Amino acid sequence: MCGLAGEIRFDGGSVDVEALSRMTSIQAPRGPDASGLFVQDRIGFGHRRLKIMDLSQGSAQPMFDPMLGLGMVFNGAIYNHPELRRELEGKGYRFRSHGDTEVLLKAYHAWGEDFVSRLNGMFAFALWEQESGHVLLGRDRLGIKPLYWTERPGRLRFASTLPALLAGGDVDTTIDTEGLNHYLSFHAVVPPPRSIVAGVRKLAPGTLMRVAADGRRSEKTYWSLDYARSQADESRSFDEWRDILLDALCGAVQRRLVADVPVGALLSGGVDSSLIVGLMVEAGVQGLRTYNVGFEDVGGEKGNEFEYADIVARRFGTVHEKIFVPEKELLTRLPEAIGAMSEPMVSHDCIGFYLLSEAVSRHSRVVQSGQGADEVFGGYHWYQELDGSQAPVADYLKAFRDRDYDEYRRVVQDRYLGPDASGNFVAQRFAAPGATDPVDQALRIDTTVMLVDDPVKRVDNMTMAFGLEARVPFLDHQLVELAARIPARHKLAGGGKGILKEAARQVIPSEVIDRPKGYFPVPALKYLQGTVLESVKDALTSRAARERGLFRQDYVDMLLTDPAAHITPLRGSKLWQLGLLEWWLQTHLH
C-alpha cells in the first residue's frame, strides 16, 4: 500500500518538480518506508512506499523498465501476482524483483489494457508509455484504492489523496454545486467523477483513463456488476448456495494472505470480522494477531463488543489486543482524524478507526477487515423495505437520503442551488441495465457507489494515516460477482444477510451470529454536545464560513438551537454534517 502522485504536461513545458515533491511528501504516512521521484521531460511520477510485498529495493517506485519502454507508480496489492508472474515467465519475460509492481508492468506489455481483467486485488496506478507518451490511469473494480486528478490548461496532475493535489497548488477550490448536493443527501458520499471541490475529480471504480500526449482524455469502463441470473442460479437450493458461498469466502480470505510480512485481522466481534478470523486460522495462519476497539458506555448505550470478540479470540487461539479509548481521547484527537480525511466524512467510525489504526500499526502492517458484507449480502433494513416495491427509487430515497430536495433548498444559499442531483442520480442508477429487481438495484448502488465512498474510503484514509494496509475480502470481485448471482430472497432471509450467516455458522460460534447487531456511535458526535458542539459552532460562525456562504443562516440557527432534534433517517446529526464539512474545508483549504 502506498501513495502516488504525478504530473503530465501537454504545453511543451517541464514538470513542476517542486509541486510534485510536495504532492508526494504530504502522502508520507501512506508510505513511510521509502520515497522516489521520476521526471523525464513532460512526465513526472512521485511515490511513497509501504513495504508489504518484496521488502527489497528491487520493487522501489517509480519503476521504469527501459527494455519495455514503460514506467509506472502503483498503490495497492495484487494477490494473484505469483500466478501472473509464472504465466509471464512462460512467455519469456524475466524479472528482477519479487513484488507485484513489476508484474503489472510486464502484464501490460503482454496483454495491453486487458491486463486489468486478469488482476485480483486492490489497485490504483499510472502507467507511462515512453514511445507514445500516453499515460494510462486505472482503478480497481470496487474502488478500494483511491485516485484523484485535477486539470489546468497545459497539464494534468493525479494523486492518491485530494489533499495531495491541494499541496501541489493551482487547484480550483470552489465548492462543486452537484457535489454539495450529494454530500448533504448521501451522508457525505460524493459519487465519482465529482468531489466536494470543483477543481478535483476522482476516477470511477472499474475504469481506465487514457491521457494522450496532447492532453486528450478517454475513459473506458472495464468492469460492471451484473445481477442477471441463470435458471440454475434461481433454482439452486439455499444449502447449495451456502456451501458455494463458503468456498468462495475461503478463497477470498486465503488470497489476502499473500504478503512478505504477517497478516493480522480487525476483530470487532460481529459476524463479518469473526468469520474472516475463523477462515484465516483455517487457512493455516499461526499466531494470528487480532484487534478490537471499544469506547465508554454512555447513557445506557454499550460502548464495546469486547465479550464477543473475546469468544472468537479464545475459540481460534489468536493473539488478541483490546484497545479501550476514553471519550476524552476521542474528542481531543478528532482534529487529527479530520486532517487524515481525503474528503469530508461524517461517520462516527472515523475517529474510532483512526485511533484503532494507530494502535494496530505498532504491531501489524497488514490486516484483513470486514467492510462490505452488509452491502454485498443485504444487511441493511432498507433492502427488506424494497422487497416487492412498486416505487423503488422513491422508497430507497425515503429510507436512505438524509433530506429531501425541498429541505435541501432550505439548507444552502441560492448560488449553490442546482437540480435535484441526488434524486436524479439514484433514478439513473436504478434504471441502468443489469439489475431489474428493486432489492438488486439497491444492492448494486450500495456496493458500487455508497460503499466505495463511505466505509471503504474511511478504512483507506484512517489506516493509511499510520502506514497500515487493510485488505477487504468481502470485496473480492469474484466473491461480489458470485453474491450478485445469489437470489435476493436468500440474502433477505433471517432479517438480512441470511445466506452469509448460515455460511458463517459452519465456522464461528453461534452466539456471535445470533446476537443483536451492534453499532457504537460517539455520543458527542451523534447528539452534538460539549466541546464538539462548541467546535462545530465555531466552524459554522467563523469568518471563513461567513465568507464562503454555503449555508442559510436561519437553517444553521435552527440546528444550533436544538441539535438532538434534527437527526437524519439513518440516525445521523444534520448539524454534524454541516459542521464537519466546514471544519474539513478550514483544515484543508487554509
- Item | Count of residues meeting criterion [part of a helix (DSSP H, G or I) and of a type in the set (A, V, I, L, M, F, W, C)] in the range 169-183 | 1
- Task: For GLY496, work out the one condition from (1) open to solvent by less than 20 Å² (accessible area, probe 1.4 Å); (2) within 30 Å of PHE238 (Cα to Cα); (3) small (Gly, Ala, Ser); (4) touching a Leu at 6+ places or on another chain (Cβ under 9 Å) it doesn't fulfil.
- Result: (4)
- Task: May I ask you to list pairs of residues, at least six apart or on different chains, whose Cβ atoms are under 8 Å apart, with the first in the range 320-336 being more than 25 Å from VAL277 (Cβ to Cβ) and the second being open to solvent by 40 Å² or more (accessible area, probe 1.4 Å) and part of a loop (DSSP other than H, G, I, E, B)?
- Result: PRO326/GLU296; GLU327/GLU296
- Could you tell me which residue of the range 92-110 is nearest to the chain's Cα centre (by Cα), considering only residues that are buried (at least 21 other Cβ atoms within 10 Å of the Cβ) and small (Gly, Ala, Ser)? GLY99
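Quick check: is even one residue across the range 180-194 of a type in the set (S, T, N, Q) and closer than 30 Å to TRP576 by Cα? Outline the logic, then answer.
To start, the set of residues in the range 180-194 that are of a type in the set (S, T, N, Q) comprises 181, 185.
Remaining after also requiring closer than 30 Å to TRP576 by Cα: 181, 185.
Yes, that holds for at least one residue.
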- Message: Need the failing condition index for CYS350 against (1) open to solvent by 20 Å² or more (accessible area, probe 1.4 Å); (2) at pLDDT below 95, just the number.
- Response: (1)
- Condition met for GLU234 (loosely packed, with under 14 Cβ neighbours inside 10 Å and touching a Pro at 6+ places or on another chain (Cβ under 9 Å)): yes
- Message: For ARG229, only one of the following conditions fails: (1) within 25 Å of SER510 (Cβ to Cβ); (2) modelled with pLDDT of 95 or more. What is its number?
- Response: (1)
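Given the residues SER195, SER224, which is the only one that is open to solvent by 50 Å² or more (accessible area, probe 1.4 Å) and of a type outside the set (Val, Ile, Thr)?
Details: SER195 fails: open to solvent by 50 Å² or more (accessible area, probe 1.4 Å).
Selected residue: SER224, the only one of SER195, SER224 that is open to solvent by 50 Å² or more (accessible area, probe 1.4 Å) and of a type outside the set (Val, Ile, Thr).
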- Tally time: how many residues in the range 13-39 are more than 16 Å from LEU162 (Cα to Cα) and without any contact (Cβ under 8 Å) to a residue 60 or more places away in the chain? 10
- For residues in the range 357-414 being within 30 Å of VAL253 (Cα to Cα), of a type in the set (D, E, K, R) and in contact (Cβ under 8 Å) with a residue 60 or more places away in the chain, which is surrounded by the most Cβ atoms within 10 Å (Cβ to Cβ)? GLU375
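Scan the range 52-68 residue by residue and report those that are of a type in the set (A, V, I, L, M, F, W, C), farther than 18 Å from TYR93 by Cα and either surrounded by fewer than 16 Cβ atoms within 10 Å (Cβ to Cβ) or touching a Phe, Trp or Tyr at 6+ places or on another chain (Cβ under 9 Å) (or both). Lay out the reasoning, then the answer.
Here is the first cut: in the range 52-68, the residues of a type in the set (A, V, I, L, M, F, W, C) are 52-53, 55, 60, 63-64, 67-68.
From what's left, farther than 18 Å from TYR93 by Cα: 52-53, 55, 60.
Within the range 52-68, LEU55 is the sole residue that qualifies.
For the range 49-98, enumerate the residues that are in a loop (DSSP other than H, G, I, E, B), of a type in the set (S, T, N, Q) and more than 16 Å from VAL116 (Cα to Cα). Steps first, please.
The first filter runs over the range 49-98 and keeps only residues in a loop (DSSP other than H, G, I, E, B), leaving 50-56, 60-62, 66-69, 79-80, 91-98.
Now drop any that are not of a type in the set (S, T, N, Q), which leaves 56, 61, 80, 97.
The answer is SER56, GLN61, SER97.
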- Task: Kindly list, by first and then second residue, each pair from a residue in the range 232-253 that is acidic (Asp, Glu) to a residue that is in a helix (DSSP H, G or I), limited to pairs with Cβ atoms under 9 Å and residues at least 6 apart or on different chains.
- Result: ASP233/TRP241; ASP233/ARG485; ASP239/GLU502; ASP243/ALA503
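Among the residues of the range 1-48 satisfying the criterion of being assigned to a strand (DSSP E or B) and at pLDDT below 95, which is least open to solvent (accessible area, probe 1.4 Å)? Lay out the reasoning, then the answer.
So the first thing to find is which residues in the range 1-48 are assigned to a strand (DSSP E or B), and the list is 2-9, 32, 34-40, 43-48.
Of the ones still in play, those that are also at pLDDT below 95 are 2, 40.
Working: CYS2: 8, GLN40: 63 Å².
Only one residue tops the list, namely CYS2.
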- Item | Filtered residue count, the range 420-440, keeping only those that are exposed (fewer than 15 other Cβ atoms within 10 Å of the Cβ) and within 26 Å of ARG410 (Cβ to Cβ) | 2
- Query: Among (1) within 22 Å of VAL312 (Cβ to Cβ); (2) part of a loop (DSSP other than H, G, I, E, B), where does SER274 come up short?
  - Reply: (2)
- Message: Residue under question is PHE45, and the condition is that it be touching a residue at least 40 places away in the same chain (Cβ under 8 Å), closer than 30 Å to GLY154 by Cα and of a type in the set (Phe, Trp, Tyr); does it hold?
- Response: yes
- Query: Quick one: would you say ARG210 is more than 30 Å from GLU547 (Cα to Cα), surrounded by 21 or more Cβ atoms within 10 Å (Cβ to Cβ) and either at pLDDT below 95 or of a type in the set (D, E, K, R) (or both)?
  - Reply: no
- Among the residues of the range 148-168, which ones are open to solvent by 10 Å² or more (accessible area, probe 1.4 Å), among the hydrophobic types (A, V, I, L, M, F, W, C) and in a helix (DSSP H, G or I)? LEU166, ALA167
- Task: From (1) assigned to a helix (DSSP H, G or I); (2) free of Cβ contacts under 8 Å to residues at least 24 places away in the same chain, pick out the condition that doesn't hold for PRO455.
- Result: (2)
- ALA126 open to solvent by less than 10 Å² (accessible area, probe 1.4 Å) and assigned to a helix (DSSP H, G or I): no
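Consider GLU131 carefully, then state whether it is outside any strand (DSSP E or B) and either open to solvent by 10 Å² or more (accessible area, probe 1.4 Å) or under 28 Å from ALA19 (Cα atoms) (or both). Quick ask: steps written out before the conclusion?
On the way: outside any strand (DSSP E or B): yes; either open to solvent by 10 Å² or more (accessible area, probe 1.4 Å) or under 28 Å from ALA19 (Cα atoms) (or both): yes.
So GLU131 fits the description; yes.
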- Are any of the residues in the range 73-91 open to solvent by 40 Å² or more (accessible area, probe 1.4 Å) and over 30 Å from HIS477 (Cα atoms)? no
- Query: For PHE466, which of the numbered conditions (1) open to solvent by less than 20 Å² (accessible area, probe 1.4 Å); (2) part of a loop (DSSP other than H, G, I, E, B); (3) touching a Pro at 6+ places or on another chain (Cβ under 7 Å) fails to hold?
  - Reply: (1)
- Note on the structure: The number of residues in the range 245-288 that are in contact with a strand residue (DSSP E or B) (Cβ under 9 Å, 6 or more places away or on another chain), open to solvent by 40 Å² or more (accessible area, probe 1.4 Å) and not aliphatic (A, V, I, L, M) is 4
- Answer yes or no as to whether VAL472 is in contact with a Ser or Thr (Cβ under 8 Å, 6 or more places away or on another chain) and either β-branched (Val, Ile, Thr) or exposed (fewer than 14 other Cβ atoms within 10 Å of the Cβ) (or both). yes
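The values are calculated or read from the model by the stated rules, or taken from the named source; none is laboratory data. The model shown is predicted, which means the values in this text are computed figures rather than measured ones. Using ideal geometry, Cβ is built from the backbone for each residue, glycine included, and neighbour counts are taken over all protein chains shown. All accessible areas refer to the heavy atoms of the entire protein, side chains included, with ligands and DNA or RNA removed. Shrake-Rupley method; radii C 1.70, N 1.55, O 1.52, S 1.80 Å.
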